[in-house]
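Have a look at the structure below, then the notes.
All of the numbers you see were taken from the coordinates with simple rules; none came from a lab. All values reported here derive from a predicted model rather than from experimental measurement. Note that we place each Cβ from the backbone using ideal geometry, even for glycine, and neighbour counts take in every protein chain shown.
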Amino acid sequence: MWRLSPQDIRESDWQRLQRMSGPVKSLDIFISHTWKTGGLPKMLALLVSSGIYLACPDCIVMPFVLQAYVMGFEALCPLAPWMLIGACLGHVAGFLSAPYFPLACTGACHSGDICFVDIACIHQKDSQLKQRGIYGIGGFLKCAKELRVLWTPPYLSRMWCIFELAAYRKANPTGRISMAPIFIEHSVHLVAMALWGGVWGYWAIQASGLLVAYGYFLGLLLPLAVALLPVVGIVHGLRHFFCAKHQLFQDLRHFRLASAECSEEFDAIFVHTAIQSWYGSTEAFEQFVQKTLVQEIPQVIIPHEYCLLLSTVPITGALEETMSVALGGAPASAVLSSFVGHVFGVSLCWILVSLKLLYYLCDRFAMPYKPGLFNYVQTVAVYAAVCLFFLAGAVVGEVAYRHTLWTSCLFAIFSSVACAISYSQWLQHSIIRLLCWPAWCRKTFMLARP
C-alpha cells in the first residue's frame with residue numbers, strides 16, 4: 001500500500017483491503033498526509049514511531065584482543081563483535097517486523113490504536129465507494145480522538161489536507177491536533193547509522209592492536225576520535241532536516257488558502273464552500289491557521305525515547321569492552337568500574353547529553369547565515385562544538401573508571417545528573433529560578449529600604 005501510487009494498485013488488492021475493513025466505535029488516530037509525498041519516507045517515519053517500543057538491543061557475547069588498563073589490571077583480553085552484530089540485526093529486525101506484531105500483544109502504552117488512513121480506508125477503484133468515503137471524511141474526523149498530521153513540505157499546499165485540518169477542528173473541538181513531521185524519524189535513522197559507524201570504528205581500533213604501541217593516553221583518545229568521524233557526515237543533514245521544522249511554522253504563520261492546489265476543480269469548490277460555511281470566510285480560516293493553530297501545536301522536539309533508543313548503539317560497544325575485560329580475568333571491582341563508568345556513565349548518560357546538544361545546535365543553527373561556503377563552515381563549527389563537548393566528558397569518564405571504582409561512581413553520578421537536567425524542563429526551570437533568586441532578593445531589598 002505504501003510502496004505504490006494508488007493508480008498502480010491492482011483491483012484485487014483494493015478488494016482485499018475492503019474485505020479487511022470492519023466497523024469500529026471510535027478512532028484513536030486519524031492519519032493526515034499528502035499524496036504528493038511518496039509513501040516510502042512516510043512508511044520509514046511510521047516504522048520508527050510505531051516500532052520504538054519493540055526495538056531493543058541484543059545481548060550476545062563471545063571471544064579478538066583488547067589491551068585493557070582498568071584499576072591496575074593490565075592484560076590482553078579476548079574481544080569479539082558478536083554483541084555488535086546481534087544488536088545491528090536486532091535493530092533492523094525490530095523495525096521491519098514492528099507492523100506484524102501489534103502493540104496490544106506486548107502491553108505497550110500505545111497498544112490498540114485504531115487509525116484511519118485514506119488510502120487504506122477509502123476504495124480508490126470503485127467510484128461509488130470512493131465518493132462515499134470522501135464525503136464521509138467528516139464523520140471519521142468527528143470520532144477520531146487525535147488528528148496526527150504527517151507533515152511534509154507540500155502538506156499545506158494540498159487542498160484536501162487543509163480541508164482535514166479545517167473539518168477536524170469544527171467537527172471535534174476537543175480533539176487533539178498533533179504535528180508529526182516525518183523528518184524527526186528520518187533524523188533518527190541518520191543518527192543511528194552514524195552511531196553504528198562510530199561504534200564499529202571504535203571496536204576496529206581496539207581489535208587492531210594499535211593501542212599497545214600508542215600507550216595509555218593516545219590509546220584512550222584514538223578510539224574516541226575515530227568514533228566521532230562519522231558524525232561530521234550527519235550534522236549537515238540534521239541542519240537540513242531542522243530547516244524543514246522552521247519552514248513548518250513559517251508556512252503556518254503565512255498560510256494562504258489561495259495558494260493551495262487541488263487536482264480536480266470540483267473538489268476545490270467543495271473545500272472552499274465547506275470552509276466558508278464553517279468559518280464564515282476564507283480570511284477567518286486563515287487567521288485560525290496563522291494564530292490559533294500555531295498556538296495549539298507544541299514545539300517539535302525529538303522524543304526522549306528516540307534518544308534512549310539511539311543510546312543503545314554505543315552501549316552495545318561499551319558492553320563488548322566490559323565483557324572483554326571480564327573474560328580477560330579482571331577482578332570484579334575492575335569489571336564493575338568499567339560497567340558503572342564506561343557503560344552507564346559515558347555510553348548511556350553522557351551520550352544522551354551529547355545527543356541533546358547535537359539536536360539543539362542543529363536546530364538552533366539550522367538556517368544558514370550566508371549561503372554557499374559559509375553554510376558548510378557553520379556545519380563544521382557545530383560539529384566541532386559537539387565533538388569537544390563529548391570528548392571533554394568522555395575522556396574524564398574513561399580516566400575515572402580506569403582509576404578507581406569510587407571515581408567511576410562519581411563520574412556516573414555527575415553524568416546522570418547532567419542527563420536528568422538535559423531532559424527535564426522542570427529541573428531546568430528550577431535551576432534558573434534558583435540562580436535568579438539572589439538577584440530577586442537584592443532587588444526586593446533595595447525596593448523595601450526607606
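Once you compute Rg and the Kirkwood Rh from C-alpha atoms, what is the Rg to Rh ratio for the stretch 353-422? Walk me through the numbers before you get to the answer.
On the way: Rg = 15.8 Å, Rh = 13.7 Å.
Rg/Rh: 1.15.
Couplings for the stretch 123-132, taken from phi via the Karplus curve 6.51 cos²θ - 1.76 cosθ + 1.60 with θ = phi - 60°, read 5, 9, 10, 7, 4, 5, 5, 5, 5, 4 Hz in order; Gly and Pro are left as x. Under the 0.36 nm per residue contour assumption, what length would be gained going from the current alpha-carbon distance of residue 333 and residue 399 to full extension? Here the answer is 22.2 nm. Note down the Stokes-Einstein diffusion coefficient of the stretch 6-435 in µm²/s, whole number, using a Kirkwood radius over alpha carbon pairs, 25 °C, and 0.890 mPa s. Answer from the Stokes-Einstein relation: 100 µm²/s. Computed extension length for residue 193-residue 130: 18.6 nm, one decimal, from 0.36 nm per residue of separation with the Cα-Cα distance subtracted.
Taking neighbour counts of Cβ atoms within 10 Å as a proxy for exposure, in what order, fewest first, do 436, 387 appear? Mind showing how you got there, number by number?
Details: 436 10, 387 19.
Placing the least packed residue first, the sequence is 436, 387.
For the chain, a simple Cβ point-charge model (Lys and Arg +1, Asp and Glu -1, everything else neutral) yields a dipole of about 1160 debye relative to the Cα centre. Between the amide H of residue 116 and those of 29, 30, 31, distances stay under 5 Å, these residues lying 5 or more places away or on another chain, with hydrogens modeled in the peptide plane.
Judged by the mean number of other Cβ atoms found within 10 Å, the most tightly packed of the peptides 239-245, 412-418 leads the ranking 239-245, 412-418.
Residue 356: which aspartates and glutamates have alpha carbons under 17 Å from its alpha carbon, excluding same-chain residues fewer than 8 sequence positions away? Of all the aspartates and glutamates, those that pass the test against residue 356 - Cα under 17 Å, at least 8 places apart if same chain - are 185, 305.
For the peptides 113-126, 419-432, 302-315, what is the packing order when you average, over each peptide's residues, the other Cβ atoms within 10 Å and list the highest mean first? Could the numbers behind the result be given before it?
Working: 113-126: 17.6, 419-432: 13.2, 302-315: 19.3.
Result, highest mean first: 302-315, 113-126, 419-432.
Simple spin-label estimate for residue 157 and residue 100 gives 3.8 nm between the two label positions (7 Å along the Cα-to-Cβ direction from each Cα). The phi-based Karplus calculation (6.51 cos²θ - 1.76 cosθ + 1.60; θ = phi - 60°) puts the 3J(HN,Hα) values of the stretch 412-417 at 4, 5, 4, 5, 5, 5 Hz, whole numbers, x for Gly and Pro.
Remark: spin-label model distance residue 43-residue 82 equals 3.5 nm, labels positioned 7 Å along the Cα→Cβ axis. What the phi angles of the stretch 138-144 give under the Karplus curve with 6.51, -1.76 and 1.60, with θ = phi - 60°, is a coupling list of x, x, 5, 5, 5, 9, 8 Hz, glycine and proline written as x.
Calculate, for residue 92 and residue 283, the FRET efficiency according to 1/(1 + (r/R0)^6) with r their C-beta to C-beta distance and R0 56 Å; round to the nearest 0.05. Let's see the in-between values first.
Numbers: r = 50 Å, r/R0 = 0.89.
For R0 = 56 Å, the calculated efficiency reads 0.65.
Could I have the simple spin-label model distance between residue 388 and residue 266, label points 7 Å from Cα toward Cβ, reported in nm to one decimal? Distance between label points: 6.4 nm.
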